[in-house]
Amino acid sequence: MTYRTLISIPDLAANLNDENVVVVDCRFSLDDPDYGSRAYEKAHVPGAVYAHLDHDLSAPIVPGETGRHPLPSPDRAAATFAGWGIGDGIQVVAYDDAGGAIAGRLWWTLRYLGHYPAAVLDGGWTGWMEDGRPTASGTENRSPRSFEPRVHTGWTVDAPTVDDRRTNPSWVLLDARDGVRYRGEEEPIDPIPGHIPGALSAPFKANLDATGRFKSPEALRERFVGLIGTTPPGHVISQCGSGVTACHNILAMEHAGLSGGLLYPGSWSEWITDPNRPVATVEDMP
């Protein structure tokens, strides 16, 4: 059993008792950071461990310097993954109740550290419940394993690099936030509205169909080719508000066979910490 982008609910159910499968519940809410852990303790996929976006999948914020969800250090992430029982030969399945918006961050982080057998549960917790699949309650633990990080240092870019490439025609910058935030019409989270000048609007929610599952690889490929044209995926930088839902676009591109996209982890919330960096809103758009 090896899944590297998505896994269906029936396929996970059929392999739920495999000792080489680690399921991770990634439910989280920006409005209520403890929502996910409460929901997990109430009911989760049997055997799943819980990943908290703020505590497990992010480093501490440095005010005025970082975005809202800085990447954890490789050593810290490796220790977390090892504690969940993740190591060589382990298939990881991540899920949430937000269409993969948070689970995609775990998927990307594992691959960034060299662990490729990782997949997001297509349909997530909502689909699992709709299918009447079994659940468990309380807190579960896995036997620790050894996780050796093998960091892909070229998979991320920093703010100066984004500033250099955002107007370069051989590069494409994609913004995974909702269109109203991209345009600066609404900004419920960050103190400054708008987007990085030169970025294209590519809301991650458009990767999903009406049931909350990912669109077909063919449909996703059509979507992203429509955005990036002939630009090679390795020259596509994904960003969002804090480097989380941007991973959803990278996942969707990977599922569509467009491998190699880069991540700007700091994203908009880091970009705006420097008042000298330019900002665009709907008034600046043609």
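Given springs between every Cα pair under 10 Å in a Gaussian network model of the chain, which of ALA252, ALA94, ALA82 has the largest fluctuation?
Highest fluctuation of the listed residues: ALA82.
When the expected Rg is taken as 2.2 N^0.38 Å, what fraction or multiple of it is the alpha-carbon Rg of region 98-215? Mind showing how you got there, number by number?
Details: Rg = 18.3 Å, N = 118, 2.2 N^0.38 = 13.5 Å.
The reported ratio for this selection is 1.36.
Which of ALA256, ALA59, ALA14 moves most in a GNM of the chain, Cα contacts under 10 Å?
Most flexible of the set in this elastic network: ALA14.
When 1/r is averaged over all different Cα pairs and the result inverted, which Kirkwood radius in Å belongs to region 29-78? Show your work: numbers first, answer last.
On the way: mean 1/r = 0.0811 Å⁻¹.
One decimal place: 12.3 Å for the Kirkwood radius.
Given the -39500 (n - 2.57) contribution per DSSP H run of 4+ residues, what per-residue ellipticity at 222 nm results for the chain, rounded to the nearest 500 deg cm²/dmol? Don't skip to the answer; put the middle values down first.
Values: 10 runs with 79 residues, N = 286.
After summing the helix terms and dividing by residue count, I get -7500 deg cm²/dmol.
So for the chain, considering every pair of alpha-carbon atoms, how many percent are separated by more than 35 Å? Mind showing how you got there, number by number?
Values: 5593 of 40755 pairs.
So the portion of pairs separated by more than 35 Å is 14 percent.
In nm, to one decimal, how far is the modelled label at GLU41 from the one at LEU227, with both set 7 Å along Cα→Cβ?
So the two model labels end up 3.7 nm from each other.
Give the share of C-alpha pairs in each 5 angstrom bin for region 55-160, from 0 to the last occupied bin, in whole percents, shortest bins first.
With a bin width of 5 Å, the distribution comes to 2, 11, 17, 22, 20, 14, 8, 4, 1, 0.
Can you tell me how region 148-192 classifies by the Cα gyration tensor, rounded, prolate or oblate, using a/c under 1.5 as the rounded cut?
On the way: a/c = 2.62, a/b = 1.55, b/c = 1.69.
It is oblate, given that a/c is not under 1.5 and a/b is not larger than b/c.
Once phi is turned into ³J(HN,Hα) by the Karplus curve 6.51 cos²θ - 1.76 cosθ + 1.60 with θ = phi - 60°, what whole-Hz value does each residue of region 53-60 show in order, with x for glycine and proline?
For region 53-60, the Karplus curve yields 4, 5, 8, 9, 10, 9, 8, x Hz.
Over region 16-130, with the other protein chains present, what is the accessible area per residue in square angstrom, probe 1.4 angstrom? Present the calculation step by step, with values, prior to reporting the outcome.
Details: 3950 Å² over 115 residues.
Heavy-atom SASA per residue in region 16-130 reads 34 Å².
Just the number, please: percent antiparallel of the DSSP beta bridges in region 1-140, rounded to the nearest 5. Provide the component values of the computation, followed by the final result.
Numbers: 1 of 13 bridges.
Just about 10 percent of them are antiparallel.
Between GLU65 and ILE192, what is the label-to-label distance in nm when each label sits 7 Å out along the Cα-to-Cβ direction?
Result: 1.9 nm between the two label points.
Given the whole protein assembly as supplied and a 1.4 Å probe, what does the accessible area of THR2 come to in Å², nearest 10?
Its heavy atoms expose roughly 100 Å² to the probe.
Can you tell me which of VAL22, VAL172, VAL62 moves the most in a GNM of the chain? Springs connect C-alpha atoms under 10 Å apart.
VAL62
Set the Förster distance to 35 Å, then compute FRET efficiency between ASP18 and ASP158 from the Cβ-Cβ distance, nearest 0.05. Spell out each step's value before the answer.
Numbers: r = 39 Å, r/R0 = 1.12.
E between ASP18 and ASP158, to the nearest 0.05, is 0.35.
Calculate what fraction, in whole %, of the accessible area of the chain sits on carbon and sulfur atoms when a 1.4 Å probe is rolled over the protein chains. Write down the numbers at each step before the final one.
Values: 5970 of 12010 Å².
Heavy-atom surface of the chain belonging to carbon and sulfur, 1.4 Å probe: 50 percent.
From the square roots a ≥ b ≥ c of the eigenvalues of the alpha-carbon gyration tensor of region 162-239, which class results: rounded (a/c under 1.5), prolate (a/b over b/c), or oblate?
Working: a/c = 2.79, a/b = 1.09, b/c = 2.56.
Verdict is oblate for region 162-239.
Over region 140-286, what per residue volume does the convex hull of the Cα atoms give, in whole Å³?
Numbers: hull volume 24.4 nm³, N = 147.
Cα-based convex hull of region 140-286, divided per residue, equals 166 Å³.
Under a point spin-label approximation (7 Å from Cα along Cα-to-Cβ), what is the THR139-VAL151 distance to one decimal in nm?
So the two model labels end up 2.9 nm from each other.
If you take the square roots of the eigenvalues of the alpha-carbon gyration tensor of region 10-94 and sort them as a ≥ b ≥ c, do you get rounded (a/c under 1.5), prolate (a/b over b/c) or oblate? Please report the intermediate quantities before stating the final value.
Values: a/c = 2.99, a/b = 1.50, b/c = 2.00.
Verdict is oblate for region 10-94.
Relative contact order (percent) for region 54-174, with alpha-carbon contacts under 8 angstrom and 6 or more residues of separation?
27 percent
The values are calculated or read from the model by the stated rules, or taken from the named source; none is laboratory data. Predicted model only: the values in this text are computed from it and were never measured. Heads up, the Cβs are rebuilt from the backbone with ideal geometry, glycines too, and the neighbour counts pull from every protein chain shown. Protein only, heavy atoms only, side chains kept; ligands, DNA and RNA dropped before computing areas. Shrake-Rupley method; radii C 1.70, N 1.55, O 1.52, S 1.80 Å.
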